[in-house]
1. Testing Asn132 on (1) under 16 Å from the mean Cα position of the chain (by Cα); (2) surrounded by 14 or more Cβ atoms within 10 Å (Cβ to Cβ); (3) among the polar types (S, T, N, Q), one condition comes back false. Which one is that?
2. Test Ala9 against the stated conditions and say whether it is at pLDDT 90 or above and under 18 Å from Val128 (Cα atoms).
3. Among the numbered criteria (1) under 24 Å from Gln17 (Cα atoms); (2) surrounded by 12 or more Cβ atoms within 10 Å (Cβ to Cβ); (3) under 21 Å from the mean Cα position of the chain (by Cα), which one does Asp138 miss?
4. It is to be established whether one or more residues within region 203-219 are among the aliphatic types (A, V, I, L, M), out of contact with any helix residue (DSSP H, G or I) (no Cβ under 8 Å at 6 or more places or on another chain), in a strand (DSSP E or B) and modelled with pLDDT of 90 or more.
5. With the requirement that a residue be under 18 Å from the mean Cα position of the chain (by Cα), of a type in the set (Phe, Trp, Tyr) and not in a loop (DSSP other than H, G, I, E, B), what does region 142-173 give you?
6. For residues that are part of a loop (DSSP other than H, G, I, E, B), modelled with pLDDT of 90 or more, of a type in the set (A, V, I, L, M) and within 20 Å of Leu179 (Cβ to Cβ), tally how many sit in region 17-65.
7. Among the residues that make up region 98-120, is at least one of them polar (S, T, N, Q), over 18 Å from Lys155 (Cα atoms) and either in contact with a helix residue (DSSP H, G or I) (Cβ under 8 Å, 6 or more places away or on another chain) or in contact (Cβ under 8 Å) with a residue 24 or more places away in the chain (or both)?
8. Acidic (Asp, Glu), more than 21 Å from Phe33 (Cβ to Cβ) and in a helix (DSSP H, G or I), is that true of Asp105?
Amino acid sequence: MSIDIAHLALRLEGPLQAWGYGSQFSRRNTGMFPTKSGILGMCCAAMAIPRGSERERTMLARMRELRLLAVAVPRDNYRRRENETSLQVRRLTDYHTVQDTMKADGSKNKNTHLTWRQYLCDAFFVAVLSGNRTLVEDVGAALRNPAWGIWLGRKACIPTAPVWAGVYISEDAALRALLGQQPLSFFSFQREVERFEKGTDTFADQPICFGGANAIRAFAPRRIILVEGKR
């Protein structure tokens, strides 16, 4: 156990969540697990870092070294009766209209444009960000007392519980704070890995820049492994 490494515990709970992945146009889908870009975007908002700024690029370069573990936690229905089951995570598609979209030639489209956006309903995740102690503690302090509003993927997705759940000296300690005595193997989880051969999939959700007035959105690939829970 290195004293230079710390582990930030996060609770991601709310009636709606939206972890956009692989969709940038009319249909905005959500992944079934939190994305690293979504979580780091929330961290940057908590730290009052403007989109597309040089400060954002510097901070995202540092945050790239943080490793993400995201765990799906079943939400038990506290009003459950006999023979009823836990709340099931569902995808909801919301219909939107937007104006002033850009055409291929760079001009504005004066007509109203239709979009469809997906959300997760009744999902509950916990997550652990692990890495450099100073960075983890700085991010944790910002999430504990955010300078700007934070949300679970999109601005409509407001957390219903404090996101910050503490900074710990080990991943096991962080998971105990989040999951109690239940072992990680009970839950389905997605873990970021350092070596390609240890992963099972690759996601382009490692943010380099979130874009802005004079900046272009850019993301790098991230290798992950998905493990199904035994619960």
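1. (1)
2. On the way: at pLDDT 90 or above: yes; under 18 Å from Val128 (Cα atoms): yes.
Taking the combined requirement at face value, the residue satisfies it.
3. (1)
4. For region 203-219, residues among the aliphatic types (A, V, I, L, M), out of contact with any helix residue (DSSP H, G or I) (no Cβ under 8 Å at 6 or more places or on another chain), in a strand (DSSP E or B) and modelled with pLDDT of 90 or more: present.
5. Trp164
6. Going through region 17-65 one residue at a time, the tally reaches 0.
7. No: zero hits.
8. Values: acidic (Asp, Glu): yes; more than 21 Å from Phe33 (Cβ to Cβ): yes; in a helix (DSSP H, G or I): no.
Considered against the rule, which asks whether it is acidic (Asp, Glu), more than 21 Å from Phe33 (Cβ to Cβ) and in a helix (DSSP H, G or I), Asp105 comes out as no.
The values are calculated or read from the model by the stated rules, or taken from the named source; none is laboratory data. Here the structure is a predicted model, which is why all the values come from computation and not from measurement. When we count neighbours, we look across all protein chains shown, and the Cβ atoms used for this are built from the backbone with ideal geometry, even at glycine.
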